[in-house]
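Have a look at the structure below, then the notes.
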Amino acid sequence: MEIRPILPQLNIQPAAVSRENLRRPAEKMAGDEFAFGARMSDVCLKKINSLTLEKYRQMSFFEKLKLRLITPFAIKRDAKANFYAARSAKNYLDHYYGTGNYTAIIIGRSMASVGETMRLIGRDVRILPMSNLADGMPKNIENVDVYRKFLESVNLTREIIENNPKHNFLLIDYVSSGASLKNAHKFLSRPDLLGNPDRFTPISSQMLLGFNGIMASCLDCLFMLSRFKKYSPIGQLPLTKLNKVFERLQPDPYYEKERGLFLFETMRRVDKYMKKTGR
């Protein structure tokens, strides 16, 4: 199995900073603006925590305007990059596999928001909680039966895969060393889960989104900084805690407001895209 490596990381020497400035740059930049917006529009924010495209379209012009005004630049930037990644991934997969001929299986939190957006624009996507795979596989993995029940709940079973030999099942993850994608492939291919490893095609984020260009570099930086993880629709799930899989099918409550505004900005772009393409 061949996985393309990512671009070399930049060697940037950090400057001396005070303890107060140790917050992540994007959070620090947006801190005061977001605090003001949260106080000003708590009612609106409650509406967007579980926002769908249908709910977005039912919002009034003034509700949308208020949310656009209070959304920090960092979240707008992240949502724009996320939508670009989802659209680029969709176009790549549609071209190589054909529309309707594949299921994108997103591994873990790094690309979960990208997968969520691909689903919004009409693609068949499954998002699987699975974390810390780059650190290696545990020697003994317990509660695999619980994880199998989760896979069944999202219509991923050995029988479905075997009965659809012409359908493509694609394993997609952000790749650094390549170990996480290989280990996800190995785990899901267990006989007591989805079986036959040849029925899955591992695809790295770099293969989907490219290696060159300003946007590709921006996305790679955002992935390396784990920016998209805070907007993930799922939580963290090491293979040592598979019994908690159903509990981790929720976003991190710590980032509830940030995710709400991110969803709003994402829905705004999805709605424009759907209208432009006549959907």
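The numbers here are math on the coordinates, done by the rules we state, and not lab data. All of these numbers come straight from a predicted model, not from anything done at the bench. Glycine also receives a Cβ, built like all others from the backbone with ideal geometry; neighbour counts cover every protein chain displayed.
About its Cα centre, region 139-211 has a charge dipole of approximately 140 debye under the convention of +1 per Lys or Arg Cβ and -1 per Asp or Glu Cβ, with nothing else charged. The value obtained for region 45-191, namely the Cα convex hull volume divided by the number of residues, is 152 Å³ per residue. When Rg and the Kirkwood radius Rh are both evaluated on Cα atoms of region 73-132, their ratio Rg/Rh stands at 1.00. Sorted ascending by nearby beta carbons within 10 Å, beginning with the fewest, 201, 277, 103 become 277, 201, 103.
Ordered by the count of other Cβ atoms within 10 Å of each Cβ, fewest first, 131, 50 give 50, 131.
Quick one: 167, 185, 95, fewest Cβ neighbours within 10 Å first, how do they rank? Walk me through the intermediate numbers first.
Working: 167 15, 185 19, 95 9.
Result, fewest neighbours first: 95, 167, 185.
Pairs 55/90; 55/149; 64/257: which are spaced more than 20 Å apart, C-alpha to C-alpha?
Details: 55/90 24 Å; 55/149 30 Å; 64/257 16 Å.
Those over the limit are 55/90; 55/149.
Enclosing the Cα atoms of region 31-276 in their convex hull gives a volume equal to 133 cubic angstrom per residue.
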